[in-house]
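What follows is one structure encoded as structure tokens, with my remarks underneath.
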Amino acid sequence: MRRRILLVDDEVAVLLTLKAVLEISGFDVDTAASAREGVSKLHTREYQMLITDMRMEHDVAGIEVIKAARSANYHPAVALLTAFPVAEEDWQEMGADQLLVKPMHTRILLQQIEDLIASHERKLAGLGLTPAASNPAAKATGKKKAVVKKSIVKKAAAKKAVAKKVAVRSSSATKTTTAKTSIRKKPVAKKAVVKKAIAKKATKASAKPKPARRRKNS
């Protein structure tokens with residue numbers, strides 16, 4: 001499983017070099033070019049490890065990033081990367097688990113990172129704490145799928161509701177049309193009955209024998 005590391009340094013050359021080395025070695029790597037950007041990324045994603053420079057926006061900007069990492073509920077390992085040697089008690093007091101002095105040989109750097117991640121996970125296990133997920137991307141994908149599925153269900157429900165309303169309106173319109181047609185037919189039927197009655201009376205009248213005329217005596 002690929003582990004995710006966040007690199008924070010205001011030197012672009014250092015970021016690109018370390019990123020390439022770590023990715024070749026099987027890590028997923030995010031980068032930040034300032035302490036502010038680093039803090040933001042710590043709040044939005046989960047990492048197994050943070051590697052941060054100290055001097056960026058100001059001389060102790062790295063401490064802000066370390067504090068953000070320490071307050072994260074996924075408990076990443078923290079390494080302080082610096083070109084200026086710092087006394088062990090000082091960087092430990094800052095909250096770092098390891099001090100990485102640059103420049104450093106690639107093999108030594110990778111070994112120190114592997115050892116730090118392993119020891120940090122054992123430490124968390126001993127404290128009963130849960131480390132960051134080994135594959136945050138998969139976790140994010142799962143959440144995205146759940147959101148998409150929920151959206152599809154909502155759309156389907158909305159379509160059914162619209163179809164039902166259309167069906168009700170159509171039924172009402174059909175009933176109204178039928179009633180109007182019935183009302184129109186009634187006067188026509190009535191007229192036909194009246195005409196039939198008149199014709200019948202006329203037939204009877206013509207069938208009666210006419211009275212004979214009396215002749216006058218001359």
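The values are calculated or read from the model by the stated rules, or taken from the named source; none is laboratory data. Every value quoted in this text rests on a predicted model; they were computed, and no experiment measured them. Using ideal geometry, Cβ is built from the backbone for each residue, glycine included, and neighbour counts are taken over all protein chains shown.
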| request: Just give me the residues in segment 53-104 being β-branched (Val, Ile, Thr) and outside any helix (DSSP H, G or I), in sequence order. | output: Val60, Val78, Thr82, Val86, Val101
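Quick one: in segment 70-90, of everything that is among the hydroxyl-bearing types (Ser, Thr, Tyr) and over 20 Å from Leu18 (Cβ atoms), which residue is surrounded by the most Cβ atoms within 10 Å (Cβ to Cβ)?
In the first step, residues of segment 70-90 are kept if they are among the hydroxyl-bearing types (Ser, Thr, Tyr); the result is 71, 74, 82.
Next, from what is left, pick out any that are over 20 Å from Leu18 (Cβ atoms): 71, 74.
Details: Ser71: 12, Tyr74: 17.
Applying the filter and picking the extreme gives Tyr74.
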| Within the group Ser71, Ser34, Ser25, which residue is in contact (Cβ under 8 Å) with a residue 40 or more places away in the chain, of a type in the set (Gly, Ala, Ser) and in the same structural domain as Gly128 (by TED's automatic domain parsing)? | Ser25
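Just to be sure, is Lys67 at pLDDT below 90 and either closer than 25 Å to Ala33 by Cα or surrounded by fewer than 15 Cβ atoms within 10 Å (Cβ to Cβ) (or both)?
Working: at pLDDT below 90: no; either closer than 25 Å to Ala33 by Cα or surrounded by fewer than 15 Cβ atoms within 10 Å (Cβ to Cβ) (or both): yes.
No: the conditions fail for Lys67.
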| request: Quick one: His43 ticks every box in (1) part of a loop (DSSP other than H, G, I, E, B); (2) under 25 Å from the mean Cα position of the chain (by Cα) except a single one, so which number is it? | output: (1)
| The one condition in (1) touching a residue at least 40 places away in the same chain (Cβ under 8 Å); (2) closer than 12 Å to Leu50 by Cβ; (3) of a type in the set (Val, Ile, Thr) that Thr106 fails to fulfil | (2)
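Given Thr52, Thr31, which one is of a type in the set (Val, Ile, Thr), surrounded by 22 or more Cβ atoms within 10 Å (Cβ to Cβ) and on the phi < 0 side of the Ramachandran plot?
Numbers: Thr31 fails: surrounded by 22 or more Cβ atoms within 10 Å (Cβ to Cβ).
Sole residue among the options that is of a type in the set (Val, Ile, Thr), surrounded by 22 or more Cβ atoms within 10 Å (Cβ to Cβ) and on the phi < 0 side of the Ramachandran plot: Thr52.
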